[in-house]
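Here's the structure we're looking at; comments come further down.
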Amino acid sequence: MVGLSLGEKNFIKGGIAQDIRTDGRKRLTYRPIFVETGVIPQASGSARVKMGATDVIASVKAELGKPNASHPDKGKVSIYVDCSPTAEPTFEGRGGEELSMELSTALQRCLLGGKSGAGAGINLSSLSIVEGKVCWDIYIDGLVVSSDGNLLDALGAAIKAALSNTAVPKVQVAANASLDEQPEVDVSDEEFLQFDTTGVPVIITLTKVGKHYIVDATAEEESQMSSAVSISVNRQGRICGLTKRGGAGLDPSIILDMISVAKHVSEQLINKLDSEIAAAEACEEE
Amino acid sequence: MAGKISNTPATYTPSPTSQDKKRSSIFTGSDWVRPDGRGLHQCRPAFLRTGAVNSASGSAYAEFGNAKVIVSVFGPRESKKAMMYSDIGRLNCNVSYTSFATPIRGQASDSKDLSSMLHKALEGAIILESFPKTTVDVFALVLESGGSDLPVVISCASLALADAGIMLYDMVASVSMSCLGKNLVIDPVSEEESYQDGGLMITCMPSRNEVTQMTVTGEWSTPKIHEAMQLCLDACSKLGKIMRSCLKEAVSATQE
C-alpha cells in the first residue's frame, strides 16, 4: 500500500466523522460480499469470500484421528491461517507469520469457545466416532489471497461458508472390536453428513477512527485507526469472542458501546451471509 | 521465596458486587468450590519484587499463588542494523516457559501467541518517542504455570519496565476471569481454566482508566460481560496500587 499524504489522511478522518467514507459507504455498511463454495474439490469443504478487494479462501479437511486424553468424547478442530505473499510482498517467508498467528488465534477464540467446549460454534461432541479411540480431526485452513483490510471478518465468513459446504463421510464401526484394540472403521464414499452451521458465529470488526467506529475498514482506513475491536456474535445475539487489537487504550464504556453496535450490525450480516451462502450452494449444484 | 518477606502479601480482591450470585454449577450441583479455598470473587495474594536479575536494566519477580514469573528488561539498546530507521522506539517481547513449568514436561502452551499479546498489552503504555532508533527487549520466563499466566506476565513486565526506568504513561495491570457454569470466578487457577466455559482477560492502565487489551473466549451474554468487566477493572486498579507500593518499597530500601 502506498503511503498516504496528510491531505488524504484528513480526508479519510473527516469523511468518517461525517458518515461518508471514501467509497461512499456509511459507517456501519459492509462492502458487497461475494461467496463461492466448493472451490477446492479435494477438500471436504471450501469457500471463497470477496469483500471489495479483500479475497480469502477457506478449506476444511476432515481426517480420522485420536481424541485428546483430557476430552475423550470430543473431536478436534484446528484453525490455521496463511498469509500468502501474493497479497503483500512483505508476507514472504517469515514476514507474514505474526499476522497469521494473530488471525489464527483470533479465529480459534471466536469459533471454539471455552476450554470445556461450551459456547463453541462447532459442536465438538458430534465429531466423536468411538469415545476415547477414534474421532474426526477437522483442519480448517484459511488463505489470504488479496488483502484490503478487514481480513478477520472475511475469514470468519469464509469459514462459515466452508463449513456449510463441508460433507463429512459417514463412518461404520466394526461391531466386534475389543476394548483395547483400535476399532476398525470403514469410511463410506457414498453417504455424507452435512455440518450444522446454525451455531457458527460471525466476526464483526469495529475500527475506531477519531471518535467514531466503522465496520469493514479498507486498508487505508485501517492505517488511520487508533484501535480495533473484533467481536464474534452468534445468531442468538450472544458474544462468542472478543479481541482488542491496536495499541491505543480504550475507555471501558466505549468497549461496551462497541459490543452493542456489533450486535446490531451482526443481525444484518448474518442474514446477508446466509442468503449469499445459500445462493452459492444453489449455483454449485447446477 | 514468599516466606522471606516481613509483611503479609497484599491482595487485590475487588469490592463485591451488590447481587450475590449463588446458583448451582454444572459439576457438583452446588457452588463451585475453589481448590484453594478462595471466594469466587477473591484474588490470589500478590507477591511482587523488583531487582530480581542484577545484570538486566530492570527486572521483576511475581508470585501469584502458584504462578511464578520472572521478567527482565534490557534496553534501550541499539537496534539491529538490518532494521529500518525509526523515529520512535521499538519494543520486542518474548515469553517462554521453562520445561518444568507445567505438570507434564515440555507442555508449553502457545508461547508465540503470548509474546505478541504481551507486546500489544505493553505498547500502549510505553512512551516510545522517548527512545528513538533503539529497542527495548522484554523477556519473560514462566517458572511455574499456576493458572492465569498471561495476566501475571503482563503485570510483572510492566513492573520490570518501571524498574528499568523506561518512561511509561501508566502502570499496566491485568486480571482474568473465568466463567464456570453460572459462576464468575476471578483469577482462575490451572484447574479452573481447564474446565472453564468462557474466559475474559482485561489489561488496563488504572489511573487513566483505559483498557489496552481485552480478550473474551466462550459464549457470554452482555450483562455478564458488564459484570465481569466491572470486577476485573476494580481488581486492576487495586493491583495497580500494589505495584506502585512495591516500587516505592524498593526505592526506600536502597535509600536506607
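Of B:Pro206, B:Pro188, all but one fail to be of a type outside the set (A, V, I, L, M) and more than 30 Å from A:Asn68 (Cβ to Cβ); the exception is B:Pro206. If the condition is being part of a strand (DSSP E or B) and either among the aliphatic types (A, V, I, L, M) or more than 8 Å from every other protein chain (Cβ to nearest Cβ) (or both), then the range A:226-243 contributes A:Ser227, A:Ala228, A:Val229, A:Ser230, A:Ile231, A:Ser232, A:Val233, A:Ile239, A:Leu242. For the range A:1-57: of the residues being closer than 30 Å to A:Phe195 by Cα and of a type in the set (Gly, Ala, Ser), which is surrounded by the most Cβ atoms within 10 Å (Cβ to Cβ)? If we take residues in the range A:1-57 being closer than 30 Å to A:Phe195 by Cα and of a type in the set (Gly, Ala, Ser), then A:Ala47 is surrounded by the most Cβ atoms within 10 Å (Cβ to Cβ). Scan the range B:95-112 and give yes if some residue there is away from chain A (no Cβ under 14 Å) and in a strand (DSSP E or B), otherwise no. The answer is yes, given that some residue of the range B:95-112 is away from chain A (no Cβ under 14 Å) and in a strand (DSSP E or B).
Output the residue which, of all residues in the range A:102-150 that are among the charged types (D, E, K, R) and in contact with a helix residue (DSSP H, G or I) (Cβ under 7 Å, 6 or more places away or on another chain), is modelled with the lowest pLDDT. Filtering first and then ranking leaves A:Lys115.
Out of B:Cys232, B:Cys179, B:Cys204, which single residue is within 11 Å of chain A (Cβ to nearest Cβ), buried (at least 24 other Cβ atoms within 10 Å of the Cβ) and out of contact with any Ser or Thr (no Cβ under 8 Å at 6 or more places or on another chain)? One residue alone meets the criteria, B:Cys179. Pick from the range A:72-92 the residues that are over 15 Å from A:Val145 (Cα atoms) and of a type in the set (Gly, Ala, Ser): which of them is modelled with the lowest pLDDT? Going through the qualifying residues, I end up with A:Gly75.
For the range A:69-151, please list each of the strands (runs of 3 or more DSSP E) lying entirely inside it that holds at least 2 residues being more than 19 Å from the chain's Cα centre (by Cα), closer than 30 Å to A:Gln172 by Cα and among the aliphatic types (A, V, I, L, M). Walk me through how you get there before you give the answer.
Numbers: elements: A:76-83, A:128-130, A:134-146.
Of the strands (runs of 3 or more DSSP E) lying wholly inside the range A:69-151, those with at least 2 residues that are more than 19 Å from the chain's Cα centre (by Cα), closer than 30 Å to A:Gln172 by Cα and among the aliphatic types (A, V, I, L, M) span A:128-130.
Between B:Pro151, B:Pro132, the distinction of being out of contact with any helix residue (DSSP H, G or I) (no Cβ under 8 Å at 6 or more places or on another chain) and buried (at least 18 other Cβ atoms within 10 Å of the Cβ) belongs to B:Pro151 only.
Residues in the range B:218-256 that are of a type in the set (S, T, N, Q), more than 18 Å from B:Leu150 (Cα to Cα) and in a helix (DSSP H, G or I): B:Thr222, B:Gln230, B:Ser245, B:Ser252, B:Thr254, B:Gln255. Looking across A:Ile79, A:Ile20, A:Ile57, A:Ile16, one residue alone is in contact with a helix residue (DSSP H, G or I) (Cβ under 6 Å, 6 or more places away or on another chain) and either among the hydrophobic types (A, V, I, L, M, F, W, C) or more than 26 Å from A:Ser164 (Cβ to Cβ) (or both). It is A:Ile79. Residue check, B:Met167 against (1) of a type in the set (A, V, I, L, M, F, W, C); (2) under 10 Å from the mean Cα position of the chain (by Cα); (3) more than 12 Å from chain A (Cβ to nearest Cβ), all met but one. Which one? Looking at each condition in turn, B:Met167 falls short on (2).
Apart from one condition, A:Glu221 fits all of (1) over 23 Å from A:Ala17 (Cβ atoms); (2) surrounded by 15 or more Cβ atoms within 10 Å (Cβ to Cβ); (3) in contact (Cβ under 8 Å) with a residue 24 or more places away in the chain; (4) of a type in the set (Asp, Glu); the exception is (1). Looking at the structure I just gave you, is A:Leu112 within 12 Å of chain B (Cβ to nearest Cβ), within 20 Å of A:Ala157 (Cβ to Cβ) and either buried (at least 21 other Cβ atoms within 10 Å of the Cβ) or in contact (Cβ under 8 Å) with a residue 60 or more places away in the chain (or both)? Considered against the rule, which asks whether it is within 12 Å of chain B (Cβ to nearest Cβ), within 20 Å of A:Ala157 (Cβ to Cβ) and either buried (at least 21 other Cβ atoms within 10 Å of the Cβ) or in contact (Cβ under 8 Å) with a residue 60 or more places away in the chain (or both), A:Leu112 comes out as yes.
Residues that are assigned to a loop (DSSP other than H, G, I, E, B) and closer than 19 Å to A:Ala167 by Cα were ranked within the range A:193-225; the one that is nearest to the chain's Cα centre (by Cα) is A:Val200. Does B:Val189 fit the bill of being farther than 19 Å from B:Ala228 by Cβ, in contact with a Lys or Arg (Cβ under 9 Å, 6 or more places away or on another chain), of a type outside the set (Gly, Ala, Ser) and touching a residue at least 12 places away in the same chain (Cβ under 8 Å)? No. Regarding the range A:147-164, can at least one residue be identified that is farther than 30 Å from A:Glu222 by Cβ and either more than 14 Å from chain B (Cβ to nearest Cβ) or polar (S, T, N, Q) (or both)? No, the conditions are met nowhere in the range A:147-164.
Scanning the range B:58-88 for residues that are closer than 27 Å to B:Pro132 by Cα, hydroxyl-bearing (Ser, Thr, Tyr) and touching a residue at least 60 places away in the same chain (Cβ under 8 Å) yields a total of 2. Quick check on B:Leu122: is it within 14 Å of chain A (Cβ to nearest Cβ), closer than 27 Å to B:Lys241 by Cα, modelled with pLDDT of 90 or more and part of a helix (DSSP H, G or I)? So B:Leu122 fits the description; yes.
If I filter the range B:216-225 for residues that are buried (at least 21 other Cβ atoms within 10 Å of the Cβ) and more than 7 Å from chain A (Cβ to nearest Cβ), do I get at least one hit? Scanning the range B:216-225 turns up no residue that is buried (at least 21 other Cβ atoms within 10 Å of the Cβ) and more than 7 Å from chain A (Cβ to nearest Cβ). For the range A:213-222, indicate whether the set of residues that are farther than 30 Å from B:Tyr169 by Cα and more than 9 Å from chain B (Cβ to nearest Cβ) is non-empty. Yes, because at least one residue in the range A:213-222 is farther than 30 Å from B:Tyr169 by Cα and more than 9 Å from chain B (Cβ to nearest Cβ).
The values are calculated or read from the model by the stated rules, or taken from the named source; none is laboratory data. Here the structure is a predicted model, which is why all the values come from computation and not from measurement. Neighbour counts are summed over all protein chains in view; Cβ atoms, including those assigned to glycine, are modelled from backbone coordinates with ideal geometry.
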